[in-house]
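Inspection log for the structure reproduced underneath, given as C-alpha cells.
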Amino acid sequence: MCGIIGFYSFNNNLHFKNIIASLDNVSHRGPDNRGYWNSDQVTLGHTRLAIHDVSNSGHQPMFSNSGNTVIVFNGEIYNYLSIKNQLLSDYPNLEFKSNSDTEILVNAIELWGIDKTLEKCIGMFAFGVYSRKTSCLILARDRFGEKPLYFGIQNGILGFASELKALKPLKECGWRFDIDRDALATYMRYAYVPTPYSIYKNISKLNVGSYIVFDAKGNSKEYKYWDSKKVLDSEKYKDSYDQAILDLEIKLKSTLSIQMQSDVPLGAFLSGGIDSTTIVALMQSMSKDKINTFSIGFNQKEYNEAEHARAVAKHIGTNHTDMYVTERDALNVIPKLAGIYDEPFADSSQIPTYLVSKIAKSKVTVALSGDAGDELFGGYNRYFLAPNIAKKIKFAKLLKYAPDAWIKKAEILNFGKFALLADKLLKLKRVLETAKTNKDLYVLLCSQINDTSFVLGAKEYDILRDKNIYDIPQLSFQEWMMFVDSNTYMIDDILVKVDRAAMANSLETRVPFLDHNIYEFAYSLPIEYKIQGNNGKRILRDLLYKYVPESLVNRPKMGFGIPLAKWLREDLREWADNLLNYDKIHKQGYLDADLIQKYWQEHLSGKRNWQYFLWNILMFQEWLDNE
C-alpha cells in the first residue's frame with residue numbers, strides 16, 4: 001500500500017512547494033520511501049509502503065521500458081507474476097529491472113492498453129498513469145474500491161490523491177474546499193459520504209471498476225471496465241450444494257495462494273466469527289508456519305469477541321495476540337479520527353479497527369481480513385428481518401403504545417443484551433411506522449438517522465438511483481439488498497473504515513472475499529445456498545465446519561461494536577459537550593442546534609439512546625474543528 005498524488009496544470013499555476021506539502025500529507029500511507037516526477041504540466045508523487053521487492057528498484061514514480069509512460073500506483077496486483085509471463089509471451093525481448101508489480105503494470109498498460117490490462121488484473125488498486133506521447137492522464141480504481149482515489153478540476157488544475165488532505169495544498173493555487181451540504185445530509189443518514197461524492201463540492205471519488213481519461217485541455221471521459229450489474233446476468237450455478245462447497249473452497253484457496261504472497265511479515269484479523277475464521281482456517285491449512293492473528297476485546301461482555309477469537313485461534317493453531325479496549329484507549333484515539341478519515345465518517349467500529357491495526361502492525365506489515373462475507377453470502381440481520389417484517393406489524397402497534405419508561409429502564413440498568421434489544425426495538429418501531437415499499441424498508445434499516453432535515457439548506461442524494469441500482473427485476477428482495485449493500489455500504493463504510501485505520505498505522509490490509517472471481521461465484525449461487533430460513537452464510541458455515549467445530553463458531557452475530565451509549569454518558573461526556581456546544585453549532589450554520597441539544601440531553605438523562613445520531617454529529621463536528 002502507498003499514497004499517491006498527481007497534478008495536471010492547464011495554466012501552469014502550480015508550485016513545487018504544493019507538491020512537497022501534498023506528499024507530506026500522505027506520508028503515513030508509505031513511510032518507506034517517497035518520490036516525485038514532473039514535466040512542464042504534469043506532476044506525479046508517491047509515498048511507498050514496500051511489500052513486494054522492498055529494494056529501491058521498486059521506487060515510484062516508475063517508467064515503462066520505453067520511458068514514454070509513467071505511473072504512480074497504490075495497492076497490489078496479486079496475479080502480477082501471471083501477467084508478467086503473459087507479457088513475456090507476447091513480447092519476448094521485454095526486460096524487467098525489478099520484481100515489483102508496478103513495473104509489470106506500467107509496461108502492460110503501454111503495450112496492451114488500459115482495457116486489456118485492467119481486465120487481467122486481480123487485485124486492489126488506484127493509480128494515475130501518464131503518457132508522454134499522447135499527453136493523456138488516466139486515473140483508475142479497482143473493482144470494489146478497496147483503494148481510495150479522489151480527484152477534481154479547479155482553476156485550471158486537475159488534482160488527484162489517495163486522501164483528501166493531500167489536495168489541501170492546492171488552496172494556494174485557487175482551489176476551494178466548500179462543504180457540500182447535500183453530501184453532508186447523506187452522510188448523516190448513512191454515517192459515510194457515498195461514492196462518487198465527497199464532503200466537498202467539485203471533488204469526487206472515482207467510481208469503482210472505472211477509469212477516467214484526461215487530455216491536455218482538461219477534457220475527460222469515464223469508462224467502466226467492470227460492472228457488478230453485468231455479473232447478475234452471468235450463467236447461474238447449476239451443480240449440487242455439496243459441489244458448491246467444494247468449489248468455494250477451491251476458489252478461496254486459489255485466492256489465498258496469491259494474497260499470502262509477501263516479502264514482509266503477514267497475518268490476519270480474527271474475530272472468531274464465520275468470515276474471519278474461514279479465512280484464517282484456510283490460511284493455516286496452507287501454511288507450514290503459524291499464522292499471526294489479532295483481535296480486540298471489551299470488558300463489557302455483550303461486546304466482547306476476544307474470548308471466542310482466542311478459542312478459535314487455539315483450535316486452528318495460530319500465533320494469537322489480543323487487546324482489551326478501555327475507555328481511555330478510545331479517548332486517546334478519538335482526537336485522531338478526523339485526520340485519519342479525512343472526511344466525516346461515523347462507523348464507531350473505526351475505533352477498535354484502528355486499535356487492532358495498531359497491534360497487528362507491531363508484528364506484521366500485511367493483514368488479511370474477513371470483510372465482505374456478509375454482503376456476498378447473506379450475513380446481515382436485515383436480510384432475514386425485511387422479508388418477514390409484515391409479520392411484525394402487530395408487535396409494532398404494541399410498541400407504539402409502550403411507555404417510554406419501559407425502554408428507558410432497559411438502557412439505564414444496562415441489562416446487557418436487553419439494553420441492546422431495546423434500541424433495536426425502537427428502530428424496528430420507526431421502520432414499521434414509516435416504510436411504504438420494500439425500497440423504503442431497506443433504506444430505513446440501513447439508516448442511522450431517518451430524518452436529515454436538521455442539516456440546514458440540504459437535500460440528500462438518492463444513492464440508489466444515482467448508482468442505477470434501484471430497480472433490478474431479476475433479483476428477489478433478499479438478493480437485491482445483498483447486491484445494494486455490496487455496491488454502497490461495503491464500498492463506502494466497511495472498506496473505507498479498514499483502509500484508513502490500517503494505513504494510519506502503515507499496515508496493508510487484504511480482503512480475499514473481494515477477489516472478483518469469488519464475488520462472481522457468490523452471485524451465481526442460488527439464494528438457498530446462502531440463506532436458509534433465518535440463517536445466513538449457509539455455504540460459508542458448512543465450508544468452515546470442515547476445519548472448525550460448529551460449537552466453536554455457531555453463536556449470534558456481534559459485529560465490531562463498542563459500548564458507545566455508555567461512553568458518551570461517562571468518559572466521553574466532556575469531549576462531546578464541547579463539540580455539541582449550542583452557540584458553536586448555531587454559529588457554524590450547518591445544523592439545527594436546538595434539535596441537537598434536545599437529543600443530547602435526552603441521551604444524557606437516559607430517556608433515549610441516541611448514540612448513533614450523536615456519533616454522526618460528533619464525527620462531523622470533530623472533522624469541522626480540524627478543517
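Values in this text are rule-based calculations from the coordinates and carry no lab data. Source: prediction; values computed, not measured. Neighbour counts run over all protein chains shown; Cβ positions are idealised from the backbone, glycine included.
Could you tell me which of 36, 216, 140 has its Cα farthest along the dipole of the chain towards the positive end, charges placed at Cβ (Lys, Arg +1; Asp, Glu -1), taken about the Cα centre? The Cα lying farthest towards the positive end belongs to 140. Peptides 287-294, 373-380, 152-159, ordered by how many other C-beta atoms sit within 10 Å of their residues on average, highest first, read 373-380, 152-159, 287-294.
The orientation-averaged projection of the convex hull spanning the C-alpha atoms of region 282-353 amounts to 6.2 square nanometres. With neighbours defined as other Cβ atoms within 10 Å of a residue's Cβ, the residues 481, 323 order from fewest to most as 323, 481. Residue pairs exceeding 27 angstrom between C-alpha atoms, taken from 147/251; 97/217; 171/584; 205/598: 97/217; 205/598. Against the set (i) 31.0; (ii) 29.5; (iii) 27.2, the structure's computed mean projected area of the Cα convex hull in nm² falls on (iii).
A dipole drawn for region 2-226 from +1 and -1 charges on Cβ atoms has a positive end, and of 174, 195, 127 the residue lying farthest that way is 174. Any chance you could tell me what percent of the C-alpha pair distances in region 222-263 go past 16 Å? So the portion of pairs separated by more than 16 Å is 62 percent. Once C-alpha pairs closer than 8 Å and six or more residues apart are averaged by separation and normalised to the residue number of the chain, the relative contact order reads 16 percent.
Highest mean packing first, where packing is the average number of other Cβ atoms within 10 Å per residue, the peptides 38-44, 220-226 line up as 38-44, 220-226. In the frame of its principal axes, region 228-297 has Cα extents of 39, 30, 26 Å, reported largest first. With neighbour counts taken as other beta-carbon atoms within 10 Å, the residues 213, 443 rank, fewest first, as 213, 443. Ordering 376, 100, 300 by Cα displacement along the dipole of the chain toward the positive end leaves 300 in first place; charges were set at the Cβ atoms of Lys, Arg (+1) and Asp, Glu (-1). Relative contact order of region 2-226: 20 percent, from C-alpha pairs under 8 Å at least 6 residues apart in sequence. For the chain, a crude dipole built from +1 on the beta carbon of Lys and Arg and -1 on the beta carbon of Asp and Glu, taken about the Cα centre, is about 1180 debye to the nearest 20.
The relative contact order of region 530-627, computed from alpha carbon pairs under 8 Å that lie at least 6 residues apart in sequence, is 19 percent. Using just its DSSP H runs of length 4 or more, each adding -39500 (n - 2.57), the chain gives a mean residue ellipticity at 222 nm of -12500 deg cm²/dmol after division by all residues. When the Cα convex hull of region 570-627 is projected onto planes of every orientation, the mean area is 3.8 nm².
With a cut-off of 13 Å between beta carbons, the residues surrounding residue 159 carry a summed charge of +2, where Lys and Arg count +1 and Asp and Glu -1. This ranking places 366, 548, 264 by how few other beta-carbon atoms lie within 10 Å of each, fewest first, which gives 264, 548, 366. When the inverse distances between all different Cα atoms of region 2-226 are averaged and flipped, the Kirkwood radius reads 17.7 angstrom.
May I ask you to derive the FRET efficiency for residue 453 and residue 601 from their Cβ-Cβ distance with R0 = 25 Å, giving the value to the nearest 0.05? Efficiency for this residue pair is about 0.80.
Relative to its residue count, region 500-627 spans a Cα convex hull of 220 Å³ per residue.
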